[in-house]
């Protein structure tokens, strides 16, 4: 009598334990295993990110042992932890699915340079570039409108995120794909608006404050706006006005005579007061005449 034991047999292909056959007891008859079409090494291509063929030795990590996949050998289709030996350096390609006619992509490294140009100026702001790549980031303070960013050992096809910050607020962001041509170029054009605060007589208010997010601008001018901003506030004294900044111009009339009162402004005020006095006189005269019951009326020439 055969004892009931768990037994496992493995089909080994090119030195790799590929298929496990699990038995509950010692078999007393023939065991048949159906194998799908195996993948020969010649059917697996090695390419870079641009699709160019590469000459590289492929290794498969099987239970912590690197087994070379050499010419003339075959492999069972499936997902493997793949390594590639290129220029004397062993590179982990991670889990890769291998099948008939599959291609394994090998990242190619390059020293990448990015020329950045910033259009316009953002007055009253301390500007800096924030470069994010491969889980790392570093800031570059700006003193002009041009900056060269160098990224050593960059992977072709990788993504570089470039952000423009003004006093810590995000003014612009863009992702750049690293290609084989270096240097690359990027033109940054932060959004700007024109701020025009005036009083009731259309005099400019140099002390009015425009607040957008964490940024504060004093007086009329052209200012940079944080990304995705649509609402701002205009502060004058103790008054606060909510303004829409979806357009490129913010024109605000503040309920005050805060501007400089020149001769023209004084004449306008005098004219308004005179007109109010005349209107008041007409109303008063009309009421008086109406009370006497006469048909008299006043003609103003």
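The values are calculated or read from the model by the stated rules, or taken from the named source; none is laboratory data. In this text, all values refer to a predicted model and were calculated from it rather than measured experimentally. Cβ sites come from the backbone with ideal geometry, for glycine too, and all protein chains shown count toward neighbours.
Overview of values
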| read-out | value |
| --- | --- |
| Failed condition for residue 185, given (1) free of Cβ contacts under 8 Å to residues at least 24 places away in the same chain; (2) assigned to a strand (DSSP E or B); (3) farther than 30 Å from residue 78 by Cβ | (1) |
| Subset tally (residues that are part of a loop (DSSP other than H, G, I, E, B) and in contact (Cβ under 8 Å) with a residue 40 or more places away in the chain) for the stretch 203-230 | 9 |
| Count - residues of the stretch 234-250 that are surrounded by fewer than 16 Cβ atoms within 10 Å (Cβ to Cβ) and either modelled with pLDDT of 95 or more or in a loop (DSSP other than H, G, I, E, B) (or both) | 5 |
| Selection within the stretch 128-148 - surrounded by 10 or more Cβ atoms within 10 Å (Cβ to Cβ), part of a strand (DSSP E or B) and under 18 Å from the mean Cα position of the chain (by Cα) | 128, 129, 130, 131, 132, 133, 137, 138, 139, 140 |
| Single residue of 120, 166 found to be more than 30 Å from residue 48 (Cβ to Cβ), touching a strand residue (DSSP E or B) at 6+ places or on another chain (Cβ under 8 Å) and at pLDDT 85 or above | 166 |
